[in-house]
Amino acid sequence: MGVVGASDPRRGANGPPAAPSIVRGMDKKPSHPGAAPAGDPGTTHFGFSQVREDEKAQHVAGVFHSVARKYDLMNDVMSAGLHRWWKAFTVRQANVRPGMKVLDVAGGTGDLALKFARQAGPAGEVWLTDINPSMLAEGRNRMLDAGVLLPVALADGEKLPFPDNHFDVVTVAFGLRNMTHKDAALGEMRRVTRPGGRVLVLEFSRVWAPLAPLYDAYSFNVLPWLGRRIAGDDDSYRYLAESIRMHPAQDELARLMEQAGLERVQWFNLTAGVCALHVGHKF
């Protein structure tokens with residue numbers, strides 16, 4: 001999906017729904033990066049804050065309603081264009097061939113889906129899905145501008161509306177960390193993957209330790225400043241930095257994928273671990 005993806009947060013007649021209250025029990029970073037906060041049952045993290053599980057999707061929806069129109073521009077600026085290389089690497093690892101069926105979960109503005117569509121060709125089937133209607137609209141418009149007609153679906157990554165054993169390749173790029181129940185989402189991706197197929201997860205990860213102080217300074221100071229100057233929204237990019245720290249590290253995500261039933265899970269660190277691509281197989 002692009003660098004920042006979200007339950008049904010449909011935009012109402014007067015814009016996105018009002019965000020529910022946030023429990024400010026996590027205004028500071030956890031004791032170690034990526035450690036889940038000890039919250040009450042039925043709560044989860046939204047960045048470093050605690051929210052009710054059934055409200056997190058609305059908070060995430062607010063982020064993406066806000067940034068959708070400047071999403072691609074901000075990705076280029078924030079990563080100095082590196083996100084394009086990360087996605088190109090993912091496309092190469094996916095190895096989509098003519099006639100294949102591909103699902104891009106939390107696909108947002110559609111950059112991966114567009115590449116997959118060209119590789120799968122007219123005999124293939126490529127779906128672009130996202131839970132956020134603003135992001136999905138941007139993706140649909142990009143497809144139309146490129147002259148590519150793809151099926152798109154407003155879909156929750158934790159409850160995918162597709163049959164079992166249907167897709168050759170399932171991808172999620174920069175969307176998994178925004179999902180409330182990552183184990184459920186990974187289980188759904190495995191369910192819709194056919195035997196012999198693969199699930200690819202491209203996501204921000206744990207940076208090489210010597211670079212961590214510099215990376216933290218950039219994430220918590222420069223990113224919000226860029227968000228304010230370019231997108232008029234520093235809070236959403238502060239959430240981005242926080243959500244990255246709360247996401248499982250490389251080995252932890254590999255274990256989650258294995259627990260979801262995926263096999264031969266491996267990962268590739270990209271740009272010193274700023275980002276990582278995990279690949280799991282279904283047999």
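Brief remarks on what is shown
- With θ taken as phi - 60° and the Karplus curve 6.51 cos²θ - 1.76 cosθ + 1.60 applied, the whole-hertz 3J(HN,Hα) list for the range 107-115 is x, x, 7, x, 5, 5, 4, 4, 5 Hz, x standing for glycine and proline.
- About its Cα centre, the range 44-177 has a charge dipole of approximately 420 debye under the convention of +1 per Lys or Arg Cβ and -1 per Asp or Glu Cβ, with nothing else charged.
- Sorted by Cβ density within 10 Å, fewest first, the residues E138, E188: E138, E188
- Protection proxy ranking, peptides 242-255, 75-88, average beta carbon neighbours within 10 Å, highest first: 242-255, 75-88
- Computed packing ranks the peptides 146-153, 259-266, 189-196, 276-283 as 276-283, 189-196, 259-266, 146-153, most packed first, by mean other Cβ atoms within 10 Å.
- The amide H of V274, built 1.01 Å from its N in the peptide plane, has W208 as neighbours under 5 Å, considering only residues 5 or more places off or on other chains.
Just so you know, all these numbers are worked out from the coordinates, no wet-lab data involved. No experiment lies behind these values; they were computed from the predicted model shown. Ideal geometry is used to build each Cβ from the backbone, glycine not excepted, and the neighbour counts take in all protein chains shown.
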